[in-house]
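> First the structure, then my questions, so here it is.
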Amino acid sequence: MKKIVTYCFFAIEAVLFCTFLSMDIMGMTGSNYVKFAAIALVGAFSFFAGKEKDNRIVNIALIFTVIADVCLVLLGKFFWGVPVFAIVQVCYAIRFSYLSGKPLVGEILKRTVPAVVLGGLAAYFLDPKIGLTVFYAWCFGVNFVHGFELQILKPSKRHLIFCIGLTLFACCDCCVGITNLEPSFMSEAMIRNASIATWIFYLPSQLLILSTTEAFKTKKS
C-alpha cells in the first residue's frame, strides 16, 4: 500500500512540475498556485518521514518551508518569507548536530551570531532587504558547507543525497538573486530564464531532502 501511495505521489509531483514549467515557458499566469500545490504536497508527505528524531527534524523543516512559500509564492511578502526560510536553516542546523554529534548550541550560534552581525550591518548601511538576505545566506551557507563536511566525515547514501538537495537549493537561491537584479545588470531574457530555472532546482531539492527520511522507505546506509 505504501509503495502505491509513493508512486502516486511522484506521479502527481511530475504532473505538477510539467504543468508549472509549461505555464512559465509560455508566459501564462497562475503558475504560482501550481508550484505551491507541488511544495505543499511535499510538506504533507513529510509526515510519513518516520518517528526517529532525524526524520522529525526534516518534517518540521519542510512544514516551515511550506509556510515560507505561502509568504513568498502566494502572498509575495519577502519580509515574512525569508525569516521563515531562516528557521528552516536552523532546523537543518539541529539535524547536523544530531547526525554529527556536535553540540547543538554551538551549531546554532555558529550560524545565527555571524548572521545577525553581518545582516545587521548590511541592513544599516545598505538596505533592510539586503540585510535580511545576508542573514539567510549566512545560515544557508554554513549548512551547505557542513553538509559536505558530514558526507566526508561520515559518508553515506543519505548524506550524499542531502548534499545534492542542498546544492540544488543553493542553485535555486542563486536564480532568485538573479531575478531580483535590475535589467541594467542583466538582460530581461536572462532574468526571465532565471525565474523559470528557480523552480526547476527548487522542487527537486525538496524531494531529495525528503528522500533522506523514511518517507519513501529509504534505507539508511
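The values are calculated or read from the model by the stated rules, or taken from the named source; none is laboratory data. These numbers were taken from a predicted model, which means no experiment stands behind them. Cβ atoms come from the backbone with ideal geometry, glycine included; neighbour counts cover every protein chain shown.
> Among (1) over 18 Å from Val145 (Cα atoms); (2) touching a helix residue (DSSP H, G or I) at 6+ places or on another chain (Cβ under 7 Å), which single condition is Gly76 missing?
(2)
> When the residues of region 43-60 are narrowed to those that are of a type in the set (A, V, I, L, M) and buried (at least 20 other Cβ atoms within 10 Å of the Cβ), which ends up farthest from Asp24 (Cα to Cα)?
Initial filter on region 43-60 (of a type in the set (A, V, I, L, M)): 44, 49, 57-58, 60.
Imposing the further condition that a residue be buried (at least 20 other Cβ atoms within 10 Å of the Cβ) reduces the set to 49, 57-58.
Details: Ala49: 31, Ile57: 33, Val58: 29 Å.
My answer is Ile57.
> Ok, one more. Scan region 28-48 for residues that are of a type outside the set (A, V, I, L, M, F, W, C) and touching an Asp or Glu at 6+ places or on another chain (Cβ under 6 Å) and jot them down. Outline the logic, then answer.
Taking region 28-48 first, the residues of a type outside the set (A, V, I, L, M, F, W, C) are 29-33, 35, 43, 46.
Within region 28-48, just Ser31 meets the criteria.
> Answer yes or no as to whether Lys2 is of a type in the set (Lys, Arg) and over 20 Å from the mean Cα position of the chain (by Cα).
It is true that Lys2 is of a type in the set (Lys, Arg) and over 20 Å from the mean Cα position of the chain (by Cα).
> Next question. From the list Val117, Val70, Val88, which one is at pLDDT 95 or above and within 13 Å of the chain's Cα centre (by Cα)? Write out each step before concluding.
Values: Val117 fails: within 13 Å of the chain's Cα centre (by Cα); Val70 fails: within 13 Å of the chain's Cα centre (by Cα).
Step by step, each of Val117, Val70, Val88 is checked, and only Val88 is at pLDDT 95 or above and within 13 Å of the chain's Cα centre (by Cα).
> Now for a separate question. Among the residues of region 134-157, what is the count of those that are surrounded by fewer than 19 Cβ atoms within 10 Å (Cβ to Cβ), among the polar types (S, T, N, Q) and either modelled with pLDDT of 95 or more or closer than 13 Å to Val90 by Cα (or both)?
0
> Suppose the filter is modelled with pLDDT of 95 or more, among the aromatic types (Phe, Trp, Tyr) and either out of contact with any His (no Cβ under 6 Å at 6 or more places or on another chain) or not in a loop (DSSP other than H, G, I, E, B) (or both); does Phe79 pass it?
Here the answer is no, as Phe79 does not meet what is asked.
> Within the set of pairs 6 or more residues apart or between chains, which connect a residue that is more than 18 Å from Gln206 (Cα to Cα) inside region 1-20 to a residue that is at pLDDT below 95 with Cβ atoms less than 7 Å apart?
Lys2/Lys217
> Only one residue in Ile12, Ile94, Ile63 is surrounded by fewer than 20 Cβ atoms within 10 Å (Cβ to Cβ) and touching a Gly at 6+ places or on another chain (Cβ under 9 Å), so which one is that?
Only one candidate qualifies: Ile63.
> On the given criteria, is Ser22 over 15 Å from Ala215 (Cβ atoms), assigned to a helix (DSSP H, G or I) and not aliphatic (A, V, I, L, M)? Break it down into steps so the answer makes sense when it comes.
On the way: over 15 Å from Ala215 (Cβ atoms): yes; assigned to a helix (DSSP H, G or I): yes; not aliphatic (A, V, I, L, M): yes.
Taking the combined requirement at face value, the residue satisfies it.
> Looking at (1) within 16 Å of Asp54 (Cα to Cα); (2) part of a loop (DSSP other than H, G, I, E, B); (3) at pLDDT 90 or above, find the lone condition where Leu210 falls short.
Status for Leu210: all satisfied but (2).
> On the given criteria, is Leu118 without any contact (Cβ under 8 Å) to a residue 24 or more places away in the chain and closer than 30 Å to Pro155 by Cα?
Details: without any contact (Cβ under 8 Å) to a residue 24 or more places away in the chain: yes; closer than 30 Å to Pro155 by Cα: no.
Here the answer is no, as Leu118 does not meet what is asked.
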